[in-house]
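Okay, structure first, notes after.
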Amino acid sequence: MKKGRFFILLLTVVLAVILQNTGLLNVYGIKPNLALASLVSVSFFAADLASYIFLVVAALIGLKFRASFEVDSLIMAGLSLASFVMGRRLQWKPIINNILLIGGGTILFYLLASPGFIAANSQIVIGELVYNVVLGTIIFKIFEEWSHDKINIFHN
Amino acid sequence: MIILGLVGTAFFGNFLTATKNRLAAVVSLTPFEKPQTITQNGRQVIIAKIYSTFPFNYRNLITLNAGSMSGIGLGTPVTVDGNILLGKVIEAAGDYSVVQTIFDKNFSLPVRVGSHQIEALLIGAQEPRLTLIDKAAAVKENDVVYSASADFPYGMKIGNIAEINDPAASSFKEASLRLDYQFNSLKDAALLSDWHEKR
């Protein structure tokens, strides 16, 4: 059962990364950070940190744009692992935690990767934030329904 | 034991050779798709496939399946169809290159507008725009915008003026661009591989 769940989470992350690389979800020039949204959402359903790290590494390999080191990969890894820890510590409902972590993660990503971009392109950042939260919430709800029982994050 | 080992090795070797021969009979390798070189009217372009686009919004870069082995170098102009400017190569590896497009926030280019050759500056963004247009300049909608930088062939078309913005508080006019293509649907790009040699 755990193996089956892990492969479905892996499939979700891989599919999200592929979609992000294609630009198929580009709406009015805004591309969602589907990899971040899916990594944060699946962090609530990963059995343990080790299997989650595997998901993060799979996403980073898929997101690799060129052969050299990319700071984006480091930021994505940091944000994903932070969301895994924070999602289990925040006191609100898991779906609210998911929304807050995706929203916060989107802003933090730009603050760390390209701070000037937020000031110059605030509309794009806000648009992407909304887009990420919507997609992340859909992914979260699908997994919540699929797992049948409500998630008790403190029992993971 | 030694004899047994030698016989076993010979038998296993023969088995591998037979397997290899069987595979060789079945496998038929088709050549990999390579960038095509087209020469017309004294110009040469390399048609390359777009591998992927930068996965995040804050940069607008693309990777192509042509690199230094195909004669691509830093600064090589990249076009949509050999005539419309799309960007320039900023990184060239052996078999791929990274292109900074006109949609990238770090891209800027001196341009000229229309038949009066009015000067302006193209600023890269998701929706590229023209700035520093003289208030008195007679810029009209649909005027052609073309490159006027030494980095690219003079007069390469970029797009047309879509909308002119003339804010009272600013010393210059601004304008948005209308492009002849959909960036997201591009699958190929044409690189002016001989531009630097000619220069």
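Computed from the coordinates by the stated procedures, all read-outs in this text should not be read as laboratory data. All values derive from a computational prediction rather than experimental measurement. Because the Cβ atoms are built from the backbone with ideal geometry, glycine has one as well, and the counts that use them run over all protein chains shown.
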From the Cα centre of region A:80-114 to that of region B:99-117, the distance in Å is 38
Checked against the positive end of the charge dipole of chain A (+1 on Cβ of Lys and Arg, -1 on Cβ of Asp and Glu, about the Cα centre), the farthest of A:Ser43, A:Phe7, A:Ile107 is A:Phe7
In debye to the nearest 20, the charge dipole size for region B:140-199, taken about the Cα centre with +1 at each Lys and Arg Cβ and -1 at each Asp and Glu Cβ, equals 80
So, over other residues within a Cβ distance under 13 Å of A:Ile118, counting Lys, Arg +1 and Asp, Glu -1, the net charge is 0
Residues other than B:Ser115 with Cβ under 12 Å of its Cβ, Lys/Arg counted +1 and Asp/Glu -1, net out at +1
Note to self: C-alpha centroids of region B:1-50 and region A:3-53 sit apart, in Å, by 36
Measuring from its Cα centre, the protein assembly as shown shows a charge dipole (+1 at each Lys and Arg Cβ, -1 at each Asp and Glu Cβ) which, in debye to the nearest 20, is 880
Ranked from fewest to most other Cβ atoms within 10 Å of their own Cβ, B:Leu85, A:Leu74, A:Leu63 fall in the order A:Leu74, A:Leu63, B:Leu85
Whole-Hz Karplus couplings 3J(HN,Hα) for region B:137-146, θ = phi - 60° and coefficients 6.51, -1.76, 1.60, Gly and Pro as x, run 5, 8, 8, 10, 4, 6, 4, 6, 10, 9
Quick calc: nm separation of the 7 Å Cα→Cβ label points for B:Ser68 and A:Gln123 -> 4.1
The size of the Cβ-based charge dipole (Lys, Arg +1; Asp, Glu -1) of chain B about the Cα centre, to the nearest 20 debye, is 540
The answer for B:Ile50, listing residues at least 5 apart or on another chain whose modeled amide H is closer than 5 Å to its amide H, is B:Asp188, B:Ala189
In chain B, taking the dipole from +1 charges on Lys and Arg beta carbons and -1 charges on Asp and Glu beta carbons about the Cα centre, the listed residue (B:Ile161, B:Trp195, B:Ala148) farthest towards the positive end is B:Trp195
Going fewest to most other Cβ atoms within 10 Å around each Cβ, A:Met86, B:Met1, B:Met69, A:Met76 line up as B:Met1, B:Met69, A:Met86, A:Met76
Phi-derived 3J(HN,Hα) across region A:100-115 with the Karplus relation (6.51, -1.76, 1.60, θ = phi - 60°), rounded Hz, x for Gly and Pro, is 5, 5, 5, x, x, x, 4, 5, 4, 4, 6, 4, 8, 7, 7, x
Yeah, the protein assembly as shown with a ≥ b ≥ c from its alpha-carbon gyration tensor (a/c under 1.5 is rounded, else prolate when a/b outruns b/c, oblate otherwise) is oblate
Excluding near-sequence neighbours (fewer than 8 apart on one chain), region B:33-199 holds lysine pairs with C-alpha atoms under 12 Å apart numbering 4
Projecting the Cα atoms of A:Val125, A:Ala77, A:Leu90 onto the charge dipole of region A:41-156, where Lys and Arg contribute +1 and Asp and Glu -1 at Cβ, the residue farthest towards the positive end is A:Leu90
Expected integer from the mean partner chain Cβ neighbour count at 10 Å over B:57-65 is 5
Chain B: relative contact order from alpha carbon pairs under 8 Å, six or more residues apart, as a whole percent, is 19
So, relative contact order of region A:2-155 in percent, Cα under 8 Å, 6 or more apart, is 30
In nm², the average projected area of the convex hull spanned by the Cα atoms of region B:1-137 is 15.5
From fewest to most C-beta neighbours within 10 Å, the residues B:Asp143, B:Asp134, B:Asp95 line up as B:Asp134, B:Asp95, B:Asp143
With -39,500 (n - 2.57) per DSSP H segment of 4 or more residues and division by the full residue count of chain A, the 222 nm estimate, nearest 500 deg cm²/dmol, is -24500 deg cm²/dmol
Once the in-chain neighbours fewer than 8 apart are removed, the lysines whose Cα is under 30 Å from A:Lys93 read A:Lys2, A:Lys3, A:Lys31, A:Lys141, A:Lys150
